[in-house]
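J.: I'd like to ask you about the structure that follows.
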Ligand code: AP5
C-alpha cells in the first residue's frame, strides 16, 4: 500500500494517518513530524528547517527531498507507506514519482481531505500537542484524558509555534497556491480521491477505509 494524504494545515491528515497506519499496519511518514523531531534534537537539518517552519513557509525542496530520499531507501518502507504532508508542491510530486519509478513502483492513491477554512481555524486553535511523544489532541474534539497533560506520557501539552493565527494564515495561503498543481497531477494520473473532511473523525476514516477496501480488498484490523 503506497498512499499519500493531502490536505490543508489542520485538515486532519495526522489524525487519519495514525488511524490508517495502526489499522492496516503500514509505516507512517510525516515530513512535519520529522522536521519537528530534528528541531527538538537540534540537528543540522533541524536548524536549517526551523526558521521556515516557525514562519509558516515550506522548507526548501533540496532539504525536504534529501530527507525523503533517505527515508524511502530504507528497507522497512519497501512494502508500503503512508506519506502525510508530502508531496506539497508539483516538484515534490514529480520527484516522488521518479524515486518510486527507480524501483518500478508507483503510488496507489492520493487522498485529499477537503475541509472549509472556517473549520480549519477551529481545529488548529484547539490543537494541543505533546513535544515529548508527539501525541496530538484537540481541547474540544479530542481532549486528553489527563486534562492539560499528555495521556500517553504525562508531559504538559503545548500549542505548536506555527499554530499562531497569523502564521496559520500564511500556511493556508501557501497551501492554496502549491497544492492545486499536485491535485491536478494526481487527478491526471487517476489516483486522486477527494474525501469530505467536514465530518467527524470516524466518518472520514470510514470513507477512506471503504476506498482502501475496494482498492486492495482488505479491511482494517
Ligand atoms: P505539517 O506538520 O505537515 O503541518 P500541516 O500540513 O500544516 O498539517 P498539520 O499538522 O497542521 O495538520 P493535520 O492535517 O495533520 O491535522 P491534525 O490531524 O493535526 O508541516 C508543518 C510544517 O513543516 C510546514 O508548514 C512546513 O514548514 C514544513 N513541511 C512539512 N512538510 C513539508 C514538505 N513536504 N515540504 C516543505 N515543507 C514541509 O488535526 C488538527 C486538529 O484537528 C487536531 O487537534 C485534531 O485533533 C483535530 N481534528 C482532526 N480531525 C478532526 C475531525 N474530523 N473533527 C474534529 N477535529 C478534528
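J.: Residue by residue through the stretch 136-147, note down the ones that are in contact with a helix residue (DSSP H, G or I) (Cβ under 9 Å, 6 or more places away or on another chain) and either closer than 23 Å to residue 53 by Cβ or within 7 Å of the ligand (Cβ to nearest atom) (or both).
T.: Passing the criteria: 136, 138, 139, 141, 142.
J.: Another one. For the stretch 186-209, which positions are closer than 17 Å to residue 13 by Cα and assigned to a helix (DSSP H, G or I)?
T.: Once the filter is applied, which keeps residues that are closer than 17 Å to residue 13 by Cα and assigned to a helix (DSSP H, G or I), the stretch 186-209 yields 201, 202, 203, 204, 205, 206, 207, 208, 209.
J.: So residue 114 passes all but one of these: (1) under 21 Å from residue 185 (Cβ atoms); (2) surrounded by 16 or more Cβ atoms within 10 Å (Cβ to Cβ); (3) within 15 Å of the ligand (Cβ to nearest atom); (4) touching a residue at least 60 places away in the same chain (Cβ under 8 Å). Which condition number does it fail?
T.: Among (1) under 21 Å from residue 185 (Cβ atoms); (2) surrounded by 16 or more Cβ atoms within 10 Å (Cβ to Cβ); (3) within 15 Å of the ligand (Cβ to nearest atom); (4) touching a residue at least 60 places away in the same chain (Cβ under 8 Å), residue 114 violates only (2).
J.: Continuing with this model, one more query. Output the residues belonging to the stretch 52-62 that are more than 8 Å from the ligand (Cβ to nearest atom) and free of Cβ contacts under 8 Å to residues at least 40 places away in the same chain.
T.: 62
J.: Kindly indicate whether any position in the stretch 208-218 is within 8 Å of the ligand (Cβ to nearest atom), within 21 Å of the chain's Cα centre (by Cα), surrounded by 15 or more Cβ atoms within 10 Å (Cβ to Cβ) and modelled with pLDDT of 95 or more.
T.: Checking the stretch 208-218: not a single residue is within 8 Å of the ligand (Cβ to nearest atom), within 21 Å of the chain's Cα centre (by Cα), surrounded by 15 or more Cβ atoms within 10 Å (Cβ to Cβ) and modelled with pLDDT of 95 or more.
J.: While we're on this one: If I ask for residues that are closer than 23 Å to residue 19 by Cα, out of contact with any helix residue (DSSP H, G or I) (no Cβ under 9 Å at 6 or more places or on another chain) and more than 11 Å from the ligand (Cβ to nearest atom), which ones from the stretch 184-206 would you list?
T.: 191, 206
J.: Give me a count of the residues in the stretch 1-16 that are surrounded by 22 or more Cβ atoms within 10 Å (Cβ to Cβ) and under 20 Å from residue 107 (Cα atoms).
T.: Adding up the residues that qualify gives 7.
J.: So, one more: Output the residues belonging to the stretch 72-103 that are at positive phi and at pLDDT below 95.
T.: If the condition is that a residue be at positive phi and at pLDDT below 95, then 80 is the only one that fits.
J.: Tell me which residues, restricted to the stretch 148-169, are within 9 Å of the ligand (Cβ to nearest atom) and either in contact with a strand residue (DSSP E or B) (Cβ under 7 Å, 6 or more places away or on another chain) or at pLDDT 95 or above (or both).
T.: Those that are within 9 Å of the ligand (Cβ to nearest atom) and either in contact with a strand residue (DSSP E or B) (Cβ under 7 Å, 6 or more places away or on another chain) or at pLDDT 95 or above (or both): 160, 163.
The values are calculated or read from the model by the stated rules, or taken from the named source; none is laboratory data. These figures come from a predicted structure and were not determined experimentally. So basically every Cβ, Gly included, is an ideal-geometry build from the backbone, and we count neighbours across all protein chains shown.
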